[in-house]
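K.L.:
Right, I'll just put the structure down here and ask away after.
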Amino acid sequence: MALRQWPYLLLANSKRLCEDRVSSHMRHQKKTIKLGRTADHRRALLANQVCALIEHQRIKTTLAKAKAVRPLAERMVTLGKNGSIHARRRAMAVLRQKNIVKKLFDDIAQRSAERNGGYTRIVKLGARKSDSALMAFIEWVDAEHIAEEKPKKEKAKRKEPEAKPQQAEPEQAAQEETKAEAPAPRHEEPTAPPTEEPKPKKRRWFGRKSDDS
């Protein structure tokens, strides 16, 4: 029996080894938003976006970039809440700006100390006019002062119509009524002088000499 079962045991072991190799190389839960860029370019782009978010508290970008920035920004806040020197060095390796790392650890991380994740918020704004790309705001949930957009210039308002003059006093109104009721004096029309009969006009012949000359 043992000799007959030997080939089956070899097949089972080889199948188990193949499954282990395949599972170790499958990319489960490793989704990466490419953004149409190489790895180095994408890493620099996301780091700059996170630095702008830390500095201005809110940034306007495309929806795809906002979704890519969100996990990196929250990871930086987690390092800030840790507060150790090793965490500062890890944040510095990603962001590359000392003043931004200082503000992250001293301000934003302290402000989000009681929150266990979900430090950012994405607000959808609709499509952009130029290329119809979906736009969005990404901001900190616990932001104290959010930078607002500059208000658009309001159109010049139309001039209000001037106020009508107030009604005249009753005495003046009564005088005007009496004047209107009084008959107007008749003016005799001057008699026209008698019309004279028009004299016949003399005809002039231009370009033709007269016989008398």
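FYI, it's all coordinate maths here, none of it is from the lab. Computed from a predicted model, the values in this text were never measured in an experiment. Ideal geometry is used to build each Cβ from the backbone, glycine not excepted, and the neighbour counts take in all protein chains shown.
K.L.:
Measure off 7 Å from each Cα along the Cα-to-Cβ vector at residue 113 and residue 141, then give the distance between these two points in nanometres to one decimal.
P.N.:
1.8
K.L.:
Convert each backbone phi in the stretch 84-93 into a coupling constant with the Karplus relation 6.51 cos²θ - 1.76 cosθ + 1.60 (shift: θ = phi - 60°), then list the ³J(HN,Hα) values in order as whole Hz, x for Gly and Pro.
P.N.:
Calculated HN-Hα couplings, in order: 7, 5, 4, 5, 4, 5, 5, 5, 5, 5 Hz.
K.L.:
So, R0 is 30 Å and r is the distance between the beta-carbons of residue 99 and residue 38; what FRET efficiency does that work out to, to 0.05?
P.N.:
0.60
K.L.:
May I pose another question? By how many nm would the segment from residue 132 to residue 28 grow when fully extended, if each residue of separation counts as 0.36 nm and the alpha-carbon distance is taken off?
P.N.:
34.2 nm
K.L.:
In nanometres, what is the gap between the two model label sites at residue 90 and residue 106, each 7 Å from Cα along Cα-to-Cβ?
P.N.:
Placing both labels 7 Å beyond Cα along the Cβ direction yields 2.3 nm.
K.L.:
Okay, next question. Taking K and R as +1 and D and E as -1, what net charge do the other residues with C-beta under 12 Å from the C-beta of residue 119 add up to?
P.N.:
In short, +2.
K.L.:
Per 0.36 nm of contour for each residue apart, how much would the distance between residue 52 and residue 74 grow if the chain were fully extended, relative to their Cα-Cα spacing?
P.N.:
6.5 nm
K.L.:
Of 31/124; 34/65; 60/129; 30/81; 31/102; 34/129, which sit over 20 Å apart, Cα to Cα?
P.N.:
Among 31/124; 34/65; 60/129; 30/81; 31/102; 34/129, the Cα-Cα distance tops 20 Å for 31/124; 30/81; 31/102; 34/129.
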